[in-house]
Amino acid sequence: MTRKLIDAENLGQWVNELIVSGRRVIAPVCENGMTVFKPISRAGAMPAPYNYGKTDLSFKEWLFPKTEPILHYRFDNGDVLLDDPEVEAVETVAFFLRPCDAAALSVLDEVFGRDYDDAFYTVRRRHLTVVGLSCIEPQPECFCPAVGLSPTSEKGSDILLTPLEGRFLVEALTEKGRLLVDEHANLFTDAHGLTKEQVTTQAMTKITRKEPLVGANGGSPYLPFDSEAWEDLARKCLGCGVCAYVCPTCHCFDIVDEATAFSGCRCRNWDSCAFSLFTLHASGHNPRPTQAHRYRQRVMHKFCYFLQTFGQNMCVGCGRCALRCPVNLDIYEVVRALTGR
Amino acid sequence: MFALVGAGKPAPTKTQIADRKGWRPMPRERTKQNWEPKIIAFVCNWCTYVGADAAGTQRMRYAPNVRIIRLPCTGRIDPLFIVKAFEQGADGVIVSGCHPGDCHYVSGNLHARRRFTVFLKLMEFLGLDLHRLSFAWVSATEGAKWVQIVNEVTQQIRQIGPAHRWGEPMNGMRDEGWGMRETAVATEQAPSAPNPQWEARLRELARRLLENGEVGVVVGYATGSLGETTTPAFITKPEDADRLVFNQRCVNNLSVYLTNKMVTKLGKVGIVAKGCDVKSIVGLIQENQVNRGEVIIIGVVCNGVVVNGRLAKKCYACTVRVPHLYDHLVGDAKAPQQPVAKADPRDGEIAQLEQMTPPQRWNYWMAQFERCIRCYACRAVCPLCYCDPCVTDRSRPQWVLTSAHPQGNLAWNIVRAMHLAGRCIGCDECMRVCPFHIRLDLLNRKLATEIKTAFGYEPGIDPTVWPPLTTFRPDDKGEFIR
């Protein structure tokens, strides 16, 4: 790992140089009262790194958009003509992902790339370099320590920036990251053995929700599937998709054809296990008939099934689902209640 | 028919497919040179269709730009049909049927008149160029009137030119107006907390109702998990009644649970309801979703609620601080709080939008809808969105595109607003839960205002009257219909 230091001015300069070099830079941008990831044309559009909690929507929309054409077709003189949409292969650097959002990318990588390369996802992913930013002001909804991460964890980042008294500690964690630092070596100074340990400790003390949940830190991924508690816990769930859509790791999608009489487009859209339509069979039978069944699926998938299959926890503890839930159905509290705490 | 397409022919080779790269399913770029207006007419079977036929048999000539779609009655014409026509590239739409009093089904056209009064106001507010949307009464003998209308509409649309792509901003302008300044509100003060004695009274009442077996469950508020929040609570045991809270953070409209089977299976429901929540309970009673005898309404006197640290906008001009319908009342009914402001702050914002030009307004709304992710939190949280399944979830045919692209998002936001017109009681829950703060409250309030003006109706007050779009008056106005 390469450790360097960069000051705020040079950081802006670095971003600008990356843009000038033809790369697309995506960073958190404040607009219309929201913080969202957007391509920027100059460093000034970025919020000051210290003063934003987390973006309203996670970074996943840039790898796995909310809607995307995967196939175009048209009828032509008795023929069906097919056309593959082009996937933009732009060299992209994503700045200031919080460690939770960066860790989420390694979850998505497993889903979209383990045994089958999802062309749309992997092309974008291959061209993406992630510059993470350690959290120094965790929010009330955060619970990353409870899932084995921390406000400064390195998982998923190619480079991790950690604010250190007006400067940033730059840790190049992967080959991709090292290249980006080496390319602009004149902007960085030597780290002189500085580490982010103190920042980690300070940030950790600000998080109130850090009791390890099931499956964290190598624990057994077990939740009581048959428990009657599910119904009481999920009774207030209204069955909207907001938790899944703001979640950085939820990746379920729906495939729909949108067509006129002459041509059409096959789209891949975000979907959510909270919708009753998600599992409804053509026969009318629904194997997950109530919201309790659907919410159980969400929790079990996050904390048990995914861990059993891929060996890592699917929840990254960003807390967006709890924050955005219309009825404050809080996954951290639910998992704790299920394990008798 | 399409299943047979290509049968017997060799499939295109990979090269052939590759050669066609770059093709897009978008309509061909239409210019003023190669363009002819494409107009869809939805007409009733008994009058206008026969009228159009009469024009033909009399050898009258008129513009060939109209494609007629025949339906049994204008009462059958859902605004979604019109949305679909525009979505698929129509430059204009004509809706035409029998004159009032002539309806083959007695009153279908009179229902339609009310519906289109509201729909037109909605489309005007969204910034659609109203030259593209025409309504007419054409009887079976009025072939000449039909000819005149088609010619006029075609001429009109020829002048304004091709419709731009549905759901997308005009002139490539984006985000214009999103930053519309919110009207300065009269006071930024948070409302005072209710006297804690009322919370104790509420707990006591809930305990008693559960002990007596009067209710199986009390739906109320408990302390939430994040900071100063509350969360819905379902109290089934008397000893749990102390979990109930009531304060200015009790924002949720709990009446959404009255149609939730996981709640109603617990027994008769006692529900904690603020004045605005009672309005939606009235709506549910009105629409036969809730039986008045099967719900115990625990009305709470409310000083206003806090959303994002500020007094909610709906509370400024609230007139139901003391609920107007209840079985038990908690709070001081004799000392009702005065509204903090005479006017609702949203009215100023609506006026600001109305002063914009239609294209500006269109761009404002398209920028708003662009961020929609189709999580349907607005639908889930709405007490009056109880349809199962929702029209959006019906796929044969798929009236509302489910993709979160501009066309799908516009269709969804139009259908949501239309289906709540005359029913929405303005609890603003949809606006509160929208992860992208889409101004659904402005749409709802605009339509509520129009309905009050046109039909003198206010929702959520009287459970015995019919909602305005399910009924009609013979003397309803309809100047927009030729």
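A short reminder: the numbers here are calculations on the coordinates, not readings from a lab. Just so it is clear, the structure is predicted and the values come from calculations on it, not from any experiment. Note: ideal-geometry Cβ built from the backbone for every residue, glycine included; neighbour counts use all protein chains shown.
Here are the numbers:
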{"read-out": "For B:121, A:54, order by how many other beta-carbon atoms lie within 10 Å, fewest first", "value": "B:121, A:54"}
{"read-out": "Estimated [θ] at 222 nm from DSSP helical runs (n ≥ 4, -39500 (n - 2.57)) normalised by residues in the protein assembly as shown, nearest 500", "value": "-9000 deg cm²/dmol"}
{"read-out": "Average beta carbon contacts from partner chains per residue of B:218-229, 10 Å cutoff", "value": "4"}
{"read-out": "Average Cα contact separation per residue, chain A, under 8 Å, 6 or more apart, as relative contact order %", "value": "21 percent"}
{"read-out": "Positive-pole candidate from A:326, A:261, A:338, dipole of the range A:246-341, charges at beta carbon", "value": "A:338"}
{"read-out": "Kirkwood-based shape ratio for chain B, expressed as Rg/Rh from alpha carbons", "value": "1.04"}
{"read-out": "Cα gyration tensor category, rounded, prolate or oblate, for the range A:204-252 with a/c compared to 1.5", "value": "oblate"}
{"read-out": "Ranking of A:174, B:230, A:201 by count of other Cβ atoms within 10 Å, fewest first", "value": "A:201, A:174, B:230"}
{"read-out": "Dipole of the range A:143-198, positive direction: furthest Cα of A:191, A:147, A:172, with charges on the beta-carbon", "value": "A:147"}
{"read-out": "Within the range A:80-204, percent of DSSP bridges classed antiparallel, to nearest 5", "value": "45 percent"}
{"read-out": "Angle between chain B longest axis and helix B:108-126 axis [Cα atoms, degrees, rounded to 10]", "value": "80 degrees"}
{"read-out": "Euclidean distance between Cα centres, the range B:406-482 to the range B:74-127, Å", "value": "16 Å"}
{"read-out": "Between the range A:275-303 and the range A:104-152, the Cα center-to-center distance that results, in Å", "value": "26 Å"}
{"read-out": "Under the Karplus curve 6.51 cos²θ - 1.76 cosθ + 1.60, θ = phi - 60°, whole-Hz ³J(HN,Hα) for the range B:193-201, x wherever Gly or Pro sits", "value": "5, x, 4, x, 4, 6, 5, 4, 5"}
{"read-out": "The range B:378-482: translational diffusion in µm²/s, Stokes-Einstein, Kirkwood Rh over Cα pairs, 10 °C, 1.306 mPa s", "value": "104 µm²/s"}
{"read-out": "Whole-number percent relative contact order across the range B:71-159, with pairs defined as alpha carbons under 8 Å at least 6 apart", "value": "34 percent"}
{"read-out": "Antiparallel DSSP beta bridges within the protein assembly as shown, percent to nearest 5", "value": "55 percent"}
{"read-out": "Lys, Arg +1 and Asp, Glu -1 on Cβ, resulting dipole of the protein assembly as shown about Cα centre, debye, nearest 20", "value": "1320 debye"}
{"read-out": "Long-range amide H partners of residue A:38 with built H, under 5 Å", "value": "A:27, A:29"}
{"read-out": "Centroid-to-centroid separation of the range A:201-251 and the range B:210-255 [C-alpha atoms, Å]", "value": "22 Å"}
{"read-out": "Directionally averaged shadow of the protein assembly as shown, computed from the convex hull of its alpha-carbon atoms, nm²", "value": "39.1 nm²"}
{"read-out": "Under-5 Å amide H pairs with residue B:217, H placed in peptide plane, nonlocal only", "value": "B:268, B:270"}
{"read-out": "Dipole magnitude of the range B:418-482, debye to nearest 20 (Cβ charges: Lys/Arg +1, Asp/Glu -1, about Cα centre)", "value": "180 debye"}
{"read-out": "Cα Rg over Rh - chain A, Kirkwood", "value": "1.00"}
{"read-out": "Point-charge dipole on Cβ atoms (K/R +1, D/E -1) for the range A:114-189, about Cα centre, debye to 20", "value": "120 debye"}
{"read-out": "Of B:302, B:319, B:236, farthest towards positive along the dipole that unit charges on Lys, Arg, Asp, Glu beta carbons give the range B:187-341", "value": "B:319"}
{"read-out": "Cα gyration tensor, the range B:234-300 - rounded (a/c under 1.5), prolate or oblate", "value": "oblate"}
{"read-out": "Prolate/oblate/rounded call for the range A:258-316, Cα gyration tensor, a/c under 1.5 rounded", "value": "oblate"}
{"read-out": "Fewest-first ranking of A:227, B:255, A:220, using other Cβ atoms within 10 Å as the exposure measure", "value": "A:220, A:227, B:255"}
{"read-out": "Longest exposed-site-free window of chain A, the sites being GluC sites (Glu not before Pro) in a DSSP loop that have at most 15 other C-beta atoms within 10 Å", "value": "A:229-341"}
{"read-out": "In order through the range A:282-295: 3J(HN,Hα) via Karplus (6.51 cos²θ - 1.76 cosθ + 1.60), integer Hz, x for Gly, Pro", "value": "4, 5, x, 6, 10, x, 10, x, 10, 5, 5, 4, 6, 5"}
